[in-house]
Amino acid sequence: MRTTGGGSPRLQSDEEVRGWFSGRIPDGWFTAGPHVRLDRDEIIVTGDLDEAALEEGAGDDARAAARVARVKRFREETRDQRIRIATEAEHLTGRKVSWGATVGEDTYLFTNLAVPVMTRLRMSERGVLDTLIEAGVARSRSEALAWCVRLVGRHQAEWIEQLRDAVQTVDRVRSEGPDL
C-alpha cells in the first residue's frame, strides 16, 4: 500500500483490496468473509447470506422466492453503508465497486459495469457474429461477442483459471526481481 498525494493510502495489489474489504465490511453482513473479484475496471463484492427458514416440505418455487426476498432485504438494509464503502474504495483503487449476494447456490448481482471493448475482427470472425445474429442468438455484434466470451468462459473455465494462475505467478516473480 502506498499513499496518494494527500496522504491517503492507495490500495495497489488485489490482495490488499481483498484485505481492505474484509476489514471494512461490517461483521454480520455475510455468513463468511466477502468474495472479492477484481479486474482493471471493477471490483465485485459478494457474500453469502443465510437461507430463509421455510416450512417443512417447501418446494423449489418457495425456496426461490425466499432467496430473492432475502437478497432484496439485504440490499435495502445495507444500501447506505454499501454506498459509503464503495465511494471510499473507489477513491482508494480508482475502480468502480459493484455488490451482490449469494443465497444457497444462487448469486444475485446488483448494479455492475458493462465496459465497452474495442476490437478488430476479420471477415471470417465477423461472419461468426453475424451468423449468431441471423440465428436470433444475439441482437447485435456486441451482444454476439459477449455471448462468445461467456461460452468460452463456461466451457474452458479450467484452462482460463490456469492462465490466471500463471499470470499471478509471473507478477509475483516480476515483483521479486531486481529494480531497474
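A compact table of results
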{"read-out": "Candidate set from the range 149-158 (those that are surrounded by 10 or more Cβ atoms within 10 Å (Cβ to Cβ) and over 18 Å from Asp39 (Cβ atoms)); member that is modelled with the highest pLDDT", "value": "Leu151"}
{"read-out": "The range 130-155: number of residues that are more than 21 Å from Val115 (Cβ to Cβ) and either in contact with a Lys or Arg (Cβ under 8 Å, 6 or more places away or on another chain) or not charged (D, E, K, R) (or both)", "value": "7"}
{"read-out": "Given (1) surrounded by 13 or more Cβ atoms within 10 Å (Cβ to Cβ); (2) touching a Leu at 6+ places or on another chain (Cβ under 8 Å); (3) under 30 Å from Phe21 (Cβ atoms), index of the condition Thr31 fails", "value": "(1)"}
{"read-out": "The listed residue being under 27 Å from Ile25 (Cβ atoms) and either out of contact with any Gly (no Cβ under 8 Å at 6 or more places or on another chain) or not hydroxyl-bearing (Ser, Thr, Tyr) (or both), out of Val103, Val170", "value": "Val103"}
{"read-out": "Failed item in (1) hydrophobic (A, V, I, L, M, F, W, C); (2) without any contact (Cβ under 8 Å) to a residue 40 or more places away in the chain; (3) in a helix (DSSP H, G or I), with Val36 passing the rest", "value": "(3)"}
{"read-out": "Residues located in the range 39-87, provided they are farther than 29 Å from Val115 by Cα and part of a loop (DSSP other than H, G, I, E, B)", "value": "Asp50, Glu51, Ala52, Ala53, Leu54, Glu55, Glu56, Gly57, Ala58, Gly59"}
{"read-out": "Selected residue (criterion: farthest from Arg84 (Cα to Cα)) from residues of the range 40-65 that are of a type in the set (Asp, Glu) and in contact (Cβ under 8 Å) with a residue 12 or more places away in the chain", "value": "Glu51"}
{"read-out": "Which listed residue, of Asp179, Asp130, is over 23 Å from the mean Cα position of the chain (by Cα), exposed (fewer than 10 other Cβ atoms within 10 Å of the Cβ) and not assigned by TED's automatic domain parsing to the domain that holds Leu38", "value": "Asp179"}
{"read-out": "Matching residues, the range 88-100, being part of a helix (DSSP H, G or I), in contact (Cβ under 8 Å) with a residue 24 or more places away in the chain and not small (Gly, Ala, Ser)", "value": "Glu88, His91, Leu92, Thr93"}
{"read-out": "Tabulated pairs, the range 69-87, first touching a residue at least 24 places away in the same chain (Cβ under 8 Å), second assigned to a helix (DSSP H, G or I), C-beta under 9 angstrom, 6+ apart or interchain", "value": "Arg75/Arg82; Ile85/Phe21; Ile85/Arg24"}
{"read-out": "Options Glu51, Glu55, Glu76, Glu125; residue that is within 26 Å of Glu143 (Cβ to Cβ) and more than 18 Å from the chain's Cα centre (by Cα)", "value": "Glu125"}
{"read-out": "Counted residues, the range 81-112 - those being at positive phi and of a type in the set (Val, Ile, Thr)", "value": "0"}
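The values are calculated or read from the model by the stated rules, or taken from the named source; none is laboratory data. For clarity, every value in this text was computed on a predicted model and none was experimentally measured. When we count neighbours, we look across all protein chains shown, and the Cβ atoms used for this are built from the backbone with ideal geometry, even at glycine.
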